[in-house]
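K.L.:
Quick one: the structure is below, and I'll ask about it shortly.
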Amino acid sequence: MFRNNYDNDSVTFSPQGRIFQVEYAQEAVKQGSVVVGIVSKTHAVLAALKRNAEELSSYQKKIIPIDTHYGVALAGLASDARVLSNFMKQQSLASRLTYDRPIGLAEITNRIGDRAQSNTQSYGKRPYGVGLLIAGVDATGPHLFEFQPSGVTQEMLACGIGARSQMARTYLERNLDEFAGSSREDLVKHALRALKESLSQDKELTVDNTSVGVSGVSEEFVLYEGHELTGWLDATFENKEETTAEGGESMEVDS
Amino acid sequence: MASVFHPGPPSGTPKYSFAQQPNTASEGARQHSFYPYTDNGGSTLGIAGADFTIIAGDTRSTSGYSINTRYCPKVFRIGGPESRIALSVVGFAADGDALKERLDTILKMYKYQHGKTMSVAACAQRLSHILYGKRFFPYYVHAILGGLDEEGKGAVYSYDPVGSYEREQCRAGGAAASLIMPFLDNQVNYKNQCIPGRGTGHELRQRVQEPLPRKDVEQLVEDAFSSAVERHIEVGDGLQMIIITSKGIEEIYKPLKKD
Amino acid sequence: MDCHPEVWGRPRYEIYGDYDHSHLHTSGPMQHTQQPIVTGTSVIAVKFKDGVVIAADNLASYGSLARFTDVKRLRKFNSQSVIGFGGDVSDMQYLDRTLGSLDTNENYSNSDQPLHARNLHTYLSKVMYARRSKFDPLWNAILVAGLDGEDMPFLASVDLLGTKFSSPTLATGFGAHLAVPILRRTVPDEEAVQQTTKDQAVELVKESMKVLFYRDARSLDNYSIAVITKESGVELKENEKLENQSWAFADQIRGYGTQVN
């Protein structure tokens, strides 16, 4: 029977130049429930679909506020995300303590990128099994960064990761032009719609399974959960028919 | 001319034209002569009410007879925007700042790890441990911590530099503590105040202490400081008050005499 | 040894006697700084509506000996901050190297937000406080002048104990006694800062440097002066000469000029 000899550790390349352990870690991200992030000129928004393992259990946390100016959304192993977010919290506090400066988003993303990379290059370690979206506002404005288990990080205008996130990304690509000029409210609505796209047929976005994080220029990162979301969910999906109609039209134009 | 009065130096040793003999290097290892503390003056004050707490401090910073600056706050909100805790530190300002930042970080980490803000009672005990942790190289400060307790009542905790602490109704700290504290004893806890018209001697009854309304406490704080300014050179310039209520935290600045 | 900067660095031969070789002993416990050796005197600075002016003379004294007469005690950090050092010169040079590597690291990292004066002051205060807590202080009094994150004038000080404070006018060492009263007369508070122009501020600082030269024995009439504004960045002049000196006031003072006794 075929057995892959190159996937026992993350320090051995396959003859094709692949590192299987890293690729497997990336699969773990795809198992996580979907999260999306969008930036405008003034705001950065995260939206996440929370999952509960069973009816009786609570929902898994998907958005973690790190510092007053940013937070992260995770897809994949939540425990790995906690390790990373603890590190980010420490680094953020250290930056404020030693320089009286909120850490830059590019900087903090780079630091977790470096950490993740070192896990892929030493024997006996395993890559992080989690993808992150880092969103917030720093001295240079609103930003959204994507982090992958391989250590790859990149700045995004809009992004979705996790299970069935391709649908969300398709929505984001279609509406990309609108994001930059969007208001705070519109940006949240876009994020929720993108999230909705990734849901399977029988599922709905509810106050229980949705998380939204918003930060803006001179506006701190705030996590919205539960009843705080009622307004947005109603406003976004009330005009459901309208949007699907619009969507339908543009689909026709496209084809 | 000085040499006339100078006793002749012993022969064979270097001659000095000055009255003072040279200090010679002592044998063996030299002692550290660096003293790591200084006193930056100023005074602080905390009063607990029924449903609020006021922590106040002047804003002058001194070294010796010099005024470093007229605005150097020593009362701080700590633990991030949701927290309802204020800390005042008076004494050696660098230690005060370091202490404030340590407690602030601890409160923020607590919020991050537990998803809720720390209670004042917990924070008060933690502060005591931090101070005692440096028992043999203390933070040279008199700290006063204020907030609202679990029942929503005003809480003031005061500390010595090595962590002994106690919850109190009110406390003054710093340079003018000895001037302000007796005033507070009398006006907040009604010490030496008797119920009028009950006769003399054994008939006398101590006036019963009851929580003061906020307006009265604010006035007391202002009076305490404007009086301290008159009698203590290290107190003055500005009065900073942090008022904690269940609705949030207010900050008030009022000028004091700058002389 | 006390920590008042004005009495630092005076190992006068007649008081302290022969050079003390005991610190050259290689055995025994590890030695830390116990007194400053080669020292710079006052640094003075004042805020005005668009920025900050800072000045320090070019002298490094060895006790009462005017040892080095061309030592630059103002250091430009970037286009929005200047640091002025009083106290021990070797500790200043150590901090200069530290700041150099800080700047290098900062430029290598991809953060596109440069350290402004407030960040720099916070950093320096941590360095100073950490060293005093190790009983191994950097024997300096430092002023950080420049612009903060909002491009507003920023001026703050930190000393060998890690004590930090900010004010519209600041001076270290002798300047705290001699220059601050003069500076405060014109710029007593933040309100006055808004009414002070660059020219007024520069004139004020030059006048104060003159008074310091008159009355501080360990000072020099060669000095450095820097103006930091948003428009022009850092304008640093390192070889200024005190102008319009008048020693007329010394006429009646015994011990000056030809009349020695």
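The values are calculated or read from the model by the stated rules, or taken from the named source; none is laboratory data. Remember, it's a predicted structure, so these values are computed and weren't measured experimentally. When we count neighbours, we look across all protein chains shown, and the Cβ atoms used for this are built from the backbone with ideal geometry, even at glycine. Ligands, DNA and RNA are stripped out before the accessible areas are found, and what is left, the full protein with its side chains, is counted by its heavy atoms. Shrake-Rupley method; radii C 1.70, N 1.55, O 1.52, S 1.80 Å.
K.L.:
Given the protein chains as shown and a 1.4 Å probe, how many square angstrom of A:Met156 are accessible, to the nearest 10?
P.N.:
Around 50 Å² of this residue is reachable by solvent.
K.L.:
Next up: Would you jot down the residues in segment C:155-186 that end up with at least 40 Å² less accessible area in the complete protein assembly than in the chain alone, with a 1.4 Å probe?
P.N.:
C:Leu161, C:Thr163, C:Lys164, C:Phe165, C:Arg184
K.L.:
Moving on to the next point. Going by amide H atoms built from the backbone, whose H comes under 5 Å of the H on A:His69, apart from near neighbours?
P.N.:
The list, which skips near neighbours in sequence, is A:Phe221.
K.L.:
Right, another one. Grab the eigenvalues of the alpha-carbon gyration tensor for segment C:38-239, scale each by 5, take roots, and send me the semi-axes largest first in whole angstrom. Each step should come with its number before you reach the end.
P.N.:
Working: eigenvalues 106, 98, 45 Å².
So the equivalent ellipsoid measures 23, 22, 15 Å along its semi-axes.
K.L.:
Between B:Gln209 and A:Asn8, how many nm apart are label points set 7 Å from Cα along the C-beta direction?
P.N.:
7.4 nm
K.L.:
Going by accessible area, probe 1.4 Å, with all protein chains left in place, what is the ranking of B:Arg231, A:Arg115, C:Arg254, largest first?
P.N.:
Ranked from most to least accessible, the order is B:Arg231, C:Arg254, A:Arg115.
K.L.:
Hey, what number do you get for chain A at 222 nm if only DSSP H runs of n ≥ 4 count, each worth -39500 (n - 2.57), divided across all residues, to the nearest 500?
P.N.:
-12500 deg cm²/dmol
K.L.:
Sticking with this structure for a sec: Give me a single rounded figure for A:62-71: the average over its residues of other chain Cβ atoms within 10 Å of their Cβ.
P.N.:
1
K.L.:
From the Cα trace of the protein assembly as shown, what convex hull volume per residue do you get, rounded to a whole Å³?
P.N.:
Working: hull volume 216.6 nm³, N = 775.
Enclosed volume per residue, from the Cα hull, is 280 Å³.
K.L.:
While we're on this one: Under a Cβ-Cβ cut-off of 10 Å, what is the net charge of the residues other than A:Gly136 that fall near it, where Lys and Arg count +1 and Asp and Glu count -1?
P.N.:
Result for the neighbourhood of A:Gly136: -3.
K.L.:
Another question, if that's okay. Given the -39500 (n - 2.57) contribution per DSSP H run of 4+ residues, what per-residue ellipticity at 222 nm results for chain B, rounded to the nearest 500 deg cm²/dmol?
P.N.:
-8500 deg cm²/dmol
K.L.:
A further question on this structure: Bin width 5 Å, alpha-carbon pairs only: give the P(r) of segment A:73-220 as whole percents, running from 0 to the bin holding the largest distance.
P.N.:
For segment A:73-220, the binned pair fractions read 2, 9, 16, 21, 19, 16, 11, 5, 2, 0, 0 percent.
K.L.:
On a 0 to 90° scale, report how tilted helix A:78-99 is relative to the longest principal axis of chain A, with both axes built from alpha carbons and the result rounded to the nearest 10.
P.N.:
Tilt of helix A:78-99: around 90 degrees.
K.L.:
Could you order A:Ser218, B:Ser164, B:Ser63, C:Ser42 by accessible surface area, starting with the largest, using a probe radius of 1.4 Å?
P.N.:
A:Ser218, B:Ser164, B:Ser63, C:Ser42
K.L.:
Determine the share of the protein assembly as shown's accessible area contributed by carbon and sulfur atoms, expressed in whole percent, with a 1.4 angstrom probe.
P.N.:
Reported share for carbon and sulfur atoms: 51 percent.
K.L.:
Would you mind checking the tilt of helix B:214-231 against the longest principal axis of the Cα atoms of chain B, expressed as 0 to 90 degrees and rounded to 10?
P.N.:
Its long axis makes an angle of about 20 degrees.
K.L.:
Ok, one more. For the pairing of chain B with chain A, what total accessible surface becomes buried, with a 1.4 angstrom probe, in square angstrom to the nearest 100?
P.N.:
700 Å²
K.L.:
Roughly how large is the C-B contact in terms of buried accessible area, totalled over both chains, probe 1.4 Å, nearest 100 Å²?
P.N.:
In total, this chain pair buries about 3100 Å².
K.L.:
Provide the FRET efficiency to the nearest 0.05 for the C:Ala250-B:Asp259 pair, computing r from the beta carbons and using R0 = 25 Å.
P.N.:
0.20
K.L.:
Taking 7 Å along the Cα-to-C-beta vector as the label spot, tell me the C:Tyr108-B:Asp216 distance in nanometres, rounded to one decimal.
P.N.:
Distance between the two pseudo-spin positions: 6.5 nm.
K.L.:
A further question on this structure: Considering only protein heavy atoms, with the full assembly of protein chains and a 1.4 angstrom probe, order A:Phe147, C:Phe249 by accessible area, largest first.
P.N.:
If we order A:Phe147, C:Phe249 from most to least accessible, we get C:Phe249, A:Phe147.
K.L.:
Taking each pair of different alpha-carbon atoms in segment C:32-71 once, compute 1/r for the pair, average those values, and report the inverse of that mean as the Kirkwood hydrodynamic radius in Å to one decimal.
P.N.:
11.9 Å
K.L.:
So which GluC sites (Glu not before Pro) in segment B:149-215 pass both tests, a DSSP loop state and at most 10 other Cβ atoms within 10 Å of the Cβ? Could you put the intermediate results ahead of the total?
P.N.:
Numbers: sites: B:Glu150, B:Glu151, B:Glu166, B:Glu168, B:Glu203; in loops: B:Glu150, B:Glu151.
Loop-located and lightly packed - B:Glu150, B:Glu151.
K.L.:
Of B:Lys215/B:Lys257; B:Lys116/C:Lys126; B:Lys100/C:Lys126; A:Lys189/B:Lys111; C:Lys164/C:Lys210, which sit over 18 Å apart, Cα to Cα?
P.N.:
Checking Cα-Cα distances, B:Lys215/B:Lys257; B:Lys116/C:Lys126; A:Lys189/B:Lys111; C:Lys164/C:Lys210 exceed 18 Å.
K.L.:
Still on this structure: Report the percentage of all Cα-Cα pairs in segment B:43-252 whose separation exceeds 29 Å, rounded to a whole percent.
P.N.:
In whole percent, the share of Cα-Cα pairs in segment B:43-252 beyond 29 Å is 25.
K.L.:
At what distance in nm do the modelled label points of C:Tyr94 and A:Lys203 sit from each other, each positioned 7 Å from its Cα along Cα→Cβ?
P.N.:
Between C:Tyr94 and A:Lys203, the simple spin-label model gives 5.9 nm.
K.L.:
Shielding of C:117-124 by partners, i.e. mean partner chain Cβ atoms within 10 Å per residue?
P.N.:
Across the residues of C:117-124, the mean count of other-chain Cβ atoms within 10 Å is 3.
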